[in-house]
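Chemist: Here you go, one structure.
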């Protein structure tokens, strides 16, 4: 686009050669827009209002975590300036807010933007602008595609793998399964469902009923009745927290008692099982990759104590049973670790490079045996889970760590 | 509504206004056209700023469509967001699926929206007043669902929407994409307002207003009421549809969620707040839609912390208060209110 004369070009390359000769690159401070000697600007969007507002606690937890980091001196002496906007889980709103973050607030990177549809809407834009879209709060499998989208990276285990794990478990444990599926009708729901069907393989016809809902719908009551009437004895519940709670409650109300599999997206006591009713939630099976702080076996774990101290100091009065606090803490820690490793070279390129060089990093809250591993071709940080079922007011883990680690797609 | 509008646009004042005001309107347009050079080059206005300006102009065109229908023809529509959506999707699908250049999609969006408006208008116009309002409202509610419909997904891409890319300025002009699109939007807006002005000054325009003021009298004078009503509905949809197409191009993204029925209400509120029977009112209405609608939330939050109010205000509080106050102080919209103020100042 910029037309260079031959002379400018020559002068320019001379200058570059000169600079290369002089600089021991490591000792130099290098910044992209949004980073200075004193500050790192991080952009974020989250649904603080609207149907998916149960996720709002994640944004608040991340904000509180960064405040803690700043209170403790910041990252290599730089304070985090965290700018977060409400997008109401509405893609057009996300587009507008993200454009504001990148072009007007001039953030260094975008962190943990939430939701598959909102992130899909900005996916191309972020990669065109070459601004990191880091550790997004969605497990869609498309975030791990460094060839086409080198500026976007996921964090949690991807939905397709998780769906396949449930499918294998159903085939191994349920006799003559007839499966009913409730699915949010968007890329997130479809990702789970496609993984699930791939896991069923030749038994894909065991799905007797697929019911869908839109994230803008008020309830899923009619879908639940439809599923019960299909005669299914297994229920795979692909829903975000508000709808998960509705589905669990409705199943109990209409006295439908299938073997119930719930996606990890809604593994929250505060946002899902409590509003749905603890009794109605018993024995629901789901995949976990993080510790449940209420599980007595972790009572003395250092990360859980640290988390409890953090919650008491920075988020007094918050509902400790809301899984968003736990998730937000762990993912914010991963970003801080990435930025620490960047040292004084806070360029967007180096951030992606560091994010793609994790080897066995044990982020707090992760279950023992589950670690963060990435590489320039592996953009899936966490790829292992353990199955668990709801028992009382916590989870009971069972089986081995199921890992898909090392796969790049 | 109808009586106040008559006085505002009686032939004498309209002609005098047209002659007297023309020079400064063109001066303003020229000033706006130079903004990319003045504000953009100095860095005074960011690219995001230009996007905001473009959106204001786009909403002004959308509001203009509704003003033609409601202010000058007396038909109420609560569903203009639907035509906005049709225009936006027409443009986005043509760019995304058929790789059309963005400018070529504008006339197509205009024609499609005219047809949709005309066809929808035919049966709906048997309905009068609030029945028509309800029918159009139903349209506004139905369109987003329609866009999500499973069997249309191959071209609408369902809830995920369509990403398109903003075109770069041609001939290597030293402008950013946002600045260039701002100029395009401004050009289209001037064209649309010019067409509207000429339409209203023509025989058709006089027939439109006659129908608004007294449809039975109009039909006695030989005006084909049903025909005019349907055509005006189509033209109104055309204006709003062009706005929708421009929105898709500058925003680079369309999704059913962008066109929820709140958009229709926003356009109506913009028209009423701006001045329902006034072309400058459309501009004010467009600015209102973009600024107040989008920033009421942030403004409420800022105010709550600034005055440290003890209660937690809902995001829409400021919006509501602003609307109530405006309707009390300026019942004829901001344009009408300013005109009254101007006359008072000159009179004293």
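No lab work stands behind these numbers, since they all come straight from the coordinates. Remember, predicted model here, so these are calculated numbers, not experimental data. All Cβ positions, glycine included, derive from the backbone under ideal geometry; neighbour counts span all protein chains shown.
Chemist: Which one of A:326, A:70, A:229 has the biggest mean-square fluctuation once chain A is modelled by GNM with Cα springs under 10 Å?
Modeler: Of A:326, A:70, A:229, the Gaussian network model singles out A:229 as fluctuating most.
Chemist: Between region A:329-384 and region A:25-85, how far is it from one alpha carbon centroid to the other, in angstrom?
Modeler: One Cα centre to the other: 16 Å.
Chemist: Rounded if a/c is under 1.5, else prolate if a/b beats b/c, else oblate: with a ≥ b ≥ c from the C-alpha gyration tensor eigenvalues square-rooted, which is region A:159-288?
Modeler: Taking the square roots of the gyration eigenvalues as a ≥ b ≥ c, region A:159-288 is rounded.
Chemist: Take B:212, A:348 and order them by how many other Cβ atoms sit within 10 Å, fewest up front.
Modeler: Final ranking by Cβ density, sparse to dense: A:348, B:212.
Chemist: In the Gaussian network model of chain B, springs joining C-alpha atoms below 10 Å, which of B:275, B:49, B:74 carries the largest mean-square fluctuation?
Modeler: Among B:275, B:49, B:74, the largest GNM mean-square fluctuation belongs to B:49.
Chemist: Separation between the residue A:362 and residue B:103 pseudo-spin-labels, each 7 Å from Cα along Cα→Cβ, expressed in nm?
Modeler: That separation, rounded to one decimal, is 6.4 nm.
Chemist: Picking from B:135, B:237, B:335, which is most flexible by a Gaussian network model of chain B using Cα springs under 10 Å?
Modeler: B:135
Chemist: With each run of n ≥ 4 DSSP H residues scored as -39500 (n - 2.57), what mean residue ellipticity at 222 nm is computed for the protein assembly as shown after dividing by its residue count and rounding to the nearest 500 deg cm²/dmol?
Modeler: -17500 deg cm²/dmol
Chemist: Then there is this: Taking only the alpha carbons of region A:249-318, what extent do you get along each of the three principal axes, in Å, biggest first?
Modeler: Computed over the Cα atoms, the extents are 43, 23, 20 Å.
Chemist: Please give the helix A:323-342 orientation as an angle from the longest Cα principal axis of chain A, in degrees from 0 to 90, rounded to the nearest 10.
Modeler: It works out to around 20 degrees.
Chemist: Still on this structure, please answer the following. Which of the peptides B:97-107, A:314-324, A:53-63 is most tightly packed, and how do the rest follow, going by the mean number of other Cβ atoms within 10 Å of each residue?
Modeler: Answer by packing, highest mean first, reads A:53-63, A:314-324, B:97-107.
Chemist: Here's another thing I want to ask about it. Please state the shape class of chain B: rounded when a/c is under 1.5, otherwise prolate if a/b exceeds b/c and oblate if not, all from the C-alpha gyration tensor.
Modeler: rounded
Chemist: Another question, if that's okay. Need the C-alpha centroid separation for region A:228-243 versus region A:269-316, integer Å.
Modeler: So the two Cα centres are separated by 23 Å.
Chemist: I've got another one for you. Tell me whether region B:49-114 comes out rounded, prolate or oblate; compute the Cα gyration tensor, take square roots of the eigenvalues as a ≥ b ≥ c, and use a/c under 1.5 as the rounded threshold.
Modeler: Verdict is oblate for region B:49-114.
Chemist: Over all Cα pairs of the protein assembly as shown, how is the pair count split among 20 Å bins, expressed in % and running from 0 up to the last occupied bin?
Modeler: 15, 43, 31, 10, 0
Chemist: Something else now. Quote the relative contact order of chain B in percent (integer), defining contacts as alpha-carbon pairs under 8 Å separated by 6+ residues.
Modeler: Reported as a whole number, the value is 30 percent.
Chemist: How far is helix A:187-200 tilted, in degrees, relative to the longest principal axis of the Cα atoms in chain A, given as a value from 0 to 90 rounded to the nearest 10?
Modeler: 60
Chemist: Now for a separate question. Compute the distance from the alpha-carbon center of region A:198-227 to that of region B:183-257, in whole Å.
Modeler: One Cα centre to the other: 45 Å.
Chemist: Quantify how strongly other chains surround peptide B:158-167 by giving the mean number of their Cβ atoms within 10 Å of each of its Cβ atoms.
Modeler: Mean partner shielding for this stretch: 5.
Chemist: Additional query: Tell me, what is the percent relative contact order of chain A, built from C-alpha pairs under 8 Å that lie six or more residues apart?
Modeler: Once divided by the residue count of chain A, the mean separation gives 16 percent.
Chemist: Across the residues of B:253-262, average count of Cβ atoms on other protein chains within 10 Å?
Modeler: Mean inter-chain Cβ contacts per residue within 10 Å come to 5.
Chemist: Now a separate question. With a Förster radius of 45 Å, plug the Cβ-Cβ distance of residue A:33 and residue A:299 into 1/(1 + (r/R0)^6) and report the FRET value to the nearest 0.05.
Modeler: That gives a FRET efficiency of 0.50.
Chemist: Based on the Cβ-Cβ distance from residue A:203 to residue B:153, what FRET efficiency comes out when R0 is 25 Å, to the nearest 0.05?
Modeler: FRET efficiency, residue A:203 to residue B:153: 0.40.
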